[in-house]
Amino acid sequence: MKDLLLGCHLSTSNGYAAMAADAVSIGATTFAFFTRNPRGGNARELDAQDLEGFFATLDGHGIGPLVAHAPYTYNLCSSKPETVEFARRAMREDLERMERMPGHLYNFHPGAHVKQGVDEGIRLICEGLNEVLVPGQRTTVLLETMAGKGTEVGRSFEELARIIEGVEHDELLGVCLDTCHVADAGYDIVRDLDGVLDEFDRVIGLARLRALHLNDSKNPLGSHKDRHERIGEGTLGLETFRAVVTNARLAGLPMVLETPQDGLEGWAREIALLRTLATREDAS
Ligand code: FE
Ligand code: FE
Ligand code: ZN
């Protein structure tokens, strides 16, 4: 079978070459990283020599595509114009920087409408994306499926489909499905993963699904909480993840862990566990 593209969220704090070396050390074949400080501050200049080492390691080990993550502070549909303006400018800068590493994915949280209502939220997100996306860019931008905490937009496949419909260059858009978030949003991937994928296909189209975040959940179906748990230790359970890593419709997609771990060893163990789940199904 096709080798699984598995990894976790890694830190850029020691540079990009060191981050790629970290990926190799834990057996990752993809990974995520923040495009800048997660609190959303200034982005560091990319260093050409550091990037050379980064590319050499990715090529040498067949790692990628990668799934960069925008900082959580970006909110394209805030009620504060300066917050919206910051998110647009920062996303544009992030995507310009990602042109130095073409062909990867850039994932972001659609936003929180803060009492403006979901219609106004979607309108602002579309307006922002229409300003940020540039035809010909070589990075695909992914909307993340959200848990529906507070006023988060993107809590249903319908909301994501409405955003995609409102964007002119929708060929640059895809979706990243977060297992914790969709379950918290009320999609029962525990009992019926294939039914949820059918629903995704009907509402958004499976061709849009470009990456997954693999997280167990601390809370029950439909709780709208968004608290990640380690794989197999939450309400989703090991069998759900076995179903995910063996599902033919998800084959070949980058799958990124965002589970609470203290260090790289924890993710190395989870990556190994998921590979075991995938092969056992093969053998049976
Ligand atoms: Fe996320
Ligand atoms: Fe996520
Ligand atoms: Zn989350």
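The values are calculated or read from the model by the stated rules, or taken from the named source; none is laboratory data. Only a predicted model underlies this, so the values are computations on that prediction, with no experimental measurement involved. Here Cβ is always computed from backbone atoms with ideal geometry, including for glycine, and neighbour counts include all displayed protein chains.
Data for the structure
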| read-out | value |
| --- | --- |
| Residues of segment 223-272 classified as assigned to a loop (DSSP other than H, G, I, E, B) and β-branched (Val, Ile, Thr), total | 3 |
| Residue count for segment 128-139, restricted to those that are surrounded by fewer than 20 Cβ atoms within 10 Å (Cβ to Cβ) and touching a residue at least 12 places away in the same chain (Cβ under 8 Å) | 6 |
| Pair list, Cβ < 6 Å and 6+ apart or interchain, from segment 212-232 residues that are surrounded by fewer than 18 Cβ atoms within 10 Å (Cβ to Cβ) to residues that are hydroxyl-bearing (Ser, Thr, Tyr) and modelled with pLDDT under 95 | none |
| Test: residue in segment 160-174 that is at pLDDT 95 or above, in contact with a Phe, Trp or Tyr (Cβ under 8 Å, 6 or more places away or on another chain) and not small (Gly, Ala, Ser) | no |
| Residues being small (Gly, Ala, Ser) and either within 16 Å of ligand 3 (Cβ to nearest atom) or in a loop (DSSP other than H, G, I, E, B) (or both) - total across segment 152-178 | 3 |
| Selection status of GLY195, in contact with an Asp or Glu (Cβ under 6 Å, 6 or more places away or on another chain) and either over 25 Å from ALA21 (Cβ atoms) or assigned to a helix (DSSP H, G or I) (or both) | no |
| Residue list for segment 65-81, filter: surrounded by 24 or more Cβ atoms within 10 Å (Cβ to Cβ) and out of contact with any strand residue (DSSP E or B) (no Cβ under 9 Å at 6 or more places or on another chain) | none |
| From the options ASP201, ASP192, ASP226, residue that is on the phi > 0 side of the Ramachandran plot and acidic (Asp, Glu) | ASP226 |
| Residue pairs meeting the criteria (Cβ under 6 Å; at least 6 apart or on separate chains; first more than 16 Å from ligand 1 (Cβ to nearest atom), in segment 247-268; second among the basic types (Lys, Arg) and in a loop (DSSP other than H, G, I, E, B)) | ALA251/LYS2; GLY252/LYS2 |
| The one condition in (1) free of Cβ contacts under 8 Å to residues at least 24 places away in the same chain; (2) buried (at least 23 other Cβ atoms within 10 Å of the Cβ); (3) polar (S, T, N, Q) that ASN107 fails to fulfil | (1) |
| Residue within segment 18-27 that is over 18 Å from HIS213 (Cβ atoms), of a type in the set (D, E, K, R) and outside any loop (DSSP other than H, G, I, E, B) present | yes |
| Any chance LEU209 is farther than 18 Å from ALA251 by Cβ, touching a residue at least 24 places away in the same chain (Cβ under 8 Å), away from ligand 1 (no atom under 15 Å from the Cβ) and out of contact with any His (no Cβ under 6 Å at 6 or more places or on another chain) | no |
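One line per residue, one yes/no per condition, for (1) within 20 Å of PRO38 (Cα to Cα); (2) of a type in the set (Val, Ile, Thr); (3) touching a Cys at 6+ places or on another chain (Cβ under 6 Å); (4) within 16 Å of ligand 1 (Cβ to nearest atom):
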position: ASP50; (1), (2), (3), (4): no, no, no, no
position: ASN75; (1), (2), (3), (4): yes, no, no, yes
position: VAL84; (1), (2), (3), (4): yes, yes, no, no
position: ARG97; (1), (2), (3), (4): yes, no, no, no
position: LEU105; (1), (2), (3), (4): yes, no, no, yes
position: LYS115; (1), (2), (3), (4): no, no, no, no
position: GLU120; (1), (2), (3), (4): no, no, no, no
position: GLU127; (1), (2), (3), (4): no, no, no, no
position: VAL132; (1), (2), (3), (4): yes, yes, no, no
